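Undergrad: Before anything else, here's the structure in question.
Every number in this text was worked out from the coordinates using simple rules, so none of it is lab data. Note that this is a predicted model, so its numbers are computed, not measured. Note that we place each Cβ from the backbone using ideal geometry, even for glycine, and neighbour counts take in every protein chain shown.
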Amino acid sequence: MPLTDTAIRNAKPKDKQYKLSDEKGLYLLVKKAGKYFRLNYRFAGKRKTLAIGVYPDVTLAEARKKRDGQVTPPSPNVEQISKGTMAGCLFKNMQRMRSKNERTRSLF
């Protein structure tokens with residue numbers, strides 16, 4: 001069931017942190033220090049977590065927009081190019097690997 005603004009407002013911190021799930025990997029992490037929007041996604045076969053923002057600075061609607069691809073999750077060791085698309089990142093990384101291989105071949 002999707003998360004609602006009422007459920008977020010009524011979420012109170014407990015002894016341990018807990019999660020309220022939305023959809024497509026988005027969830028609200030409730031801690032004693034505050035409420036945080038997080039997004040779980042997979043990159044290169046590994047689970048990653050993106051911190052979207054702190055509630056109420058970031059609303060539920062804004063968090064869903066970011067989740068739906070308005071903002072591409074960052075990827076480690078990959079430069080983001082032209083509007084930060086994931087395909088562009090992978091293309092740039094492949095170019096870097098090719099140039100590294102060409103330099104290695106020229107040494108032998």
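Undergrad: Please go through segment 3-54 and give me each residue that is of a type in the set (S, T, Y) and closer than 20 Å to D68 by Cα, ordered by number. Don't jump to the end; show me each part of the working.
TA: Pass one, segment 3-54, residues of a type in the set (S, T, Y): 4, 6, 18, 21, 27, 36, 41, 49.
Of everything in segment 3-54, those that are of a type in the set (S, T, Y) and closer than 20 Å to D68 by Cα turn out to be T4, S21, Y27, Y36, Y41, T49.
Undergrad: Between V54, V58, which is loosely packed, with under 15 Cβ neighbours inside 10 Å and under 16 Å from the mean Cα position of the chain (by Cα)?
TA: On the way: V58 fails: loosely packed, with under 15 Cβ neighbours inside 10 Å.
Of the residues listed, the single one that is loosely packed, with under 15 Cβ neighbours inside 10 Å and under 16 Å from the mean Cα position of the chain (by Cα) is V54.
Undergrad: Within segment 6-20, how many residues turn out to be more than 12 Å from Y36 (Cβ to Cβ) and in a helix (DSSP H, G or I)?
TA: The total comes to 4.
Undergrad: May I ask you to list the residues in segment 42-63 that are in a strand (DSSP E or B) and among the hydroxyl-bearing types (S, T, Y)?
TA: Step one: filter segment 42-63 for residues in a strand (DSSP E or B), giving 42-43, 46-55.
Those that are in a strand (DSSP E or B) and among the hydroxyl-bearing types (S, T, Y): T49, Y55.
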